[in-house]
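The values are calculated or read from the model by the stated rules, or taken from the named source; none is laboratory data. Here the structure is a predicted model, which means the values were calculated and not measured. Ideal geometry is used to build each Cβ from the backbone, glycine not excepted, and the neighbour counts take in all protein chains shown. We work out accessible area using only protein heavy atoms, side chains counted, and drop any ligands, DNA or RNA first. Shrake-Rupley method; radii C 1.70, N 1.55, O 1.52, S 1.80 Å.
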Amino acid sequence: MSQRMSRRDFMKFLTTTTGGIVLVSCGSPATPSASTPETITVIQTQEVDVIREVTSTPPPVVQAPVADVLGTFPRRETLIVRQLTGRVGTPDNMNLWVGWKWQDRGLQNLADEAMWSVDFATGQIVNGLAEGDPKYSADFTSLTIPLRQGVAWNDGQPFTADDVVFTVETLQKFDGLNGHSFFVDNVAAVTAVDDHTVKFELKQANSRFHTTFLDRWGCTRIMPKHVFEKEADPVQFAFNPYVGCGPYKVHSYDPQGFWTAWEKREDWAKSPTGILYGEPKPKYIIIQAFDNEGAQILAQLTHQLDVAELSADGLKALLAQSQTSRAYQPTFPFVVNNDPAITGIVFNTARAPFDKLDVRWALLLAIEIVEFMSIAVDTTGTVSPIHIPHLGPYPKLYHEAMQDWLKSFTIDVGDGETFAPYDPDVPARLVASAKSRGYVFPETQEFVEKAFGLGWYKYAPEIATKLLEKNGFKKDANGQWLQPDGKPWKVVFMAGTVLTNHEARNALAAVQQWKKFGIAAEVLNTETAADLTATGDFDIYGVWPGREPWGAGPDLYRVLDDWNSVYIKPVGERNQASYASRWSSPVMDDVIKRLRETDPFDTEKVVAVGIEGLKEAVKNMPGVPTYGYIGFVGWDEQFWTNWPGSENAYNAPYTHWPNFKYFTPFLKPTGN
């Protein structure tokens, strides 16, 4: 089992250590040797003055003492990063196949290797456990996957096709495991052709089947058969310690969930990371949760945190005080803005009144987006009116292509009145807001579109009022909204406890807008958000209004398939979709089916079907897209350099992403 250290031990950083002593060895003068008598020629000499220049030997270089981390890990060999999702609620349980397990504690980003991973910074697909691309039959009803040879689990057992077969059959057998519905719906049979080839027979044509194994923050991960086959019920198995094929293994963790320490495997060369990129440089990595961003800033200022993830104001405060910290970009907007995720607002469409389309649109039109953006991210995000972010290939293929449709799109207000909600003038107002906040940037069309987007929706409280009144809502004498039954309308926006994370930032901004509109809205910050949303016990949540696209290529299958009706479960049961709106429609099901049967490399057809899906999502608005996910990352260069910043974007820059392990071989210790 893994070692466990208390939070108290973690906070007991040593303030002094014994400094290393550098010994300089000096050679002794040569000793004269005995010799036989010899004839000596005497030459008359003359005294002269000789001036000798004497150069003193420089003093030895002595490294300054640096406290060990946890009193155990040498600081110069240890990388310390912030955990995005906060304190781990179930630190003893590492079973990623059951519910949410705080996978960014190091499970997905250090210990595990997926079949394939998407690198959104380079646009490349990284072959992990798979040796290459899947090979489909002509009708997309079967496929084979070649597996990488020479890979071992971190307990030394070889990784083989038997592990893949066991994983799929186990997921099909136990309905409490993540992905159960998907594999039951799709897989007729799975077999190991040999140790390094696996074959799937599908129940229906699915040209995207392999993408369930493609990691971009979440995928179907492979179980070590030799571990799980000993368990009668894998749903109840804690899987501690985590056995993966990644380059790091669990060293120890805080039983209260505030940190997890990882140690580089001695056989790191048997991980796909080691095979592809070489030896990771940090011997130890500690992933730590912080109570607030002030604690992060203080930790980095004292060189006890190498990677911080902050708010806009927090990053500005860090850079103003630190001589060794840097941001992802050296100039405005400073942020990581190539993350293929859209943030925003998620409605629980299985709960009244959010099951009503008019109510969802009313809540959207009660938002003044410029104010919203200033509250959420200090106007540094890029807005998107559709359920994918405005970055990479998506603006040209989708955002620009949908402009005419968005401008002509209308909603039914009632009594024969329609309203066109789209507003292409939003970016100009965001530019003015950013300038008023002291930001300096070029106002070229190219920069403005990239930094602020192409448009969003109008602020139309009068239309929102008509939509609500149309559905029986009314205001009381104090201007507060009442439900059709006459009771005060209270809206609860649920978010996690890390207040700098984007679901919390969206929640704060939205609630302020809705309060101004007369709704009794409030934010509920809870560590149990993942479980509550999975079972449908919430009003509104912030993760995410649409599932993230791959980040490489035009395909939106990953986005649209999350609205597949086959994944929707009744309230009280765990939903099988990745995100929690519990919405679908016959139109969307048809779009998903046609996209599944379309060659993913036929860009024209893929985009055409993808646009149909995005239109259906906009019409129904199961969640409101606001701005693309941005990261206010602060890197400390006191102990480590060669971070994948915008000027050298060799890898996705986030340490909470699965790709983190792939940039550990490229970090450079400073020796400071």
Report, to the nearest 10°, how far helix 161-173 tilts away from the longest principal axis of the Cα atoms in the chain, using its own Cα long axis and a range of 0 to 90°. 30 degrees
Count charges around E417 for me, please; just the other residues with Cβ under 14 Å from its Cβ, Lys/Arg as +1, Asp/Glu as -1. -3
Among residues other than Q321 whose Cβ falls under 14 Å from its Cβ, what is the net charge (Lys/Arg +1, Asp/Glu -1)? -1
Give the residues of the stretch 397-422 whose amide nitrogen is closer than 14 Å to a point set 7 Å from the Cα of R594 in the direction of its Cβ. none
Looking at the stretch 604-672, what % of the alpha carbon pairs are farther apart than 17 Å? 62 percent
Amide H neighbours of D112 under 5 Å, at least 5 residues apart or on other chains, H built in the peptide plane: list them. G246
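Please give the calculated 222 nm ellipticity per residue for the chain, where each DSSP H segment of at least 4 residues contributes -39500 (n - 2.57) and the sum is spread over every residue; nearest 500 deg cm²/dmol?
Details: 19 runs with 166 residues, N = 672.
One gets -7000 deg cm²/dmol as the mean residue ellipticity at 222 nm.
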Whole-Hz ³J(HN,Hα) from phi, Karplus 6.51 cos²θ - 1.76 cosθ + 1.60, for the stretch 375-387, glycine and proline x: 6, 6, 9, 6, 6, 9, x, 9, 6, 9, x, 10, 7
Only bridges whose two residues both fall in the chain count here: according to DSSP, what percent of them are antiparallel, nearest 5? 75 percent
With all protein chains modelled, accessible area of S322 [1.4 Å, Å²]: 20 Å²
Which value results when the Cα radius of gyration for the stretch 397-500 is divided by 2.2 N^0.38 Å? 1.46
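Beyond a 19 Å Cα-Cα separation, which of these cross-linked pairs lie in this structure: K466/K516; K101/K249; K356/K474; K249/K283; K101/K283? Please list the in-between numbers first.
Working: K466/K516 17 Å; K101/K249 17 Å; K356/K474 16 Å; K249/K283 11 Å; K101/K283 25 Å.
Going by Cα-Cα distance, K101/K283 fall outside the 19 Å limit.
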Total formal charge among the other residues, if their Cβ is under 9 angstrom from that of M94, Lys/Arg +1 and Asp/Glu -1: +1
So how do R216, R574 rank on accessible area, 1.4 Å probe, biggest first, that is with the largest at the start? R574, R216
Please state, as a whole number in µm²/s, the translational diffusion coefficient that the Stokes-Einstein equation yields for the stretch 284-355 at 37 °C and 0.692 mPa s, with Rh defined as the Kirkwood radius across alpha carbon pairs. 222 µm²/s
Over the stretch 566-642: Kirkwood hydrodynamic radius from C-alpha pairwise inverse distances, Å: 15.9 Å
K593: which lysines have alpha carbons under 17 Å from its alpha carbon, excluding same-chain residues fewer than 8 sequence positions away? K203, K605, K615
With every protein chain left in place and a probe of 1.4 Å, what is the accessible surface of T528, to the nearest 10 Å²? 70 Å²
What whole number of Å gives the distance from the Cα centroid of the stretch 306-348 to the Cα centroid of the stretch 570-630? 29 Å
Given a 1.4 Å probe and the protein chains all in place, what does the accessible area of K356 round to, in Å² to the nearest 10? 90 Å²
The stretch 58-194 - Rg and Dmax from Cα coordinates, angstrom: 20.7, 75
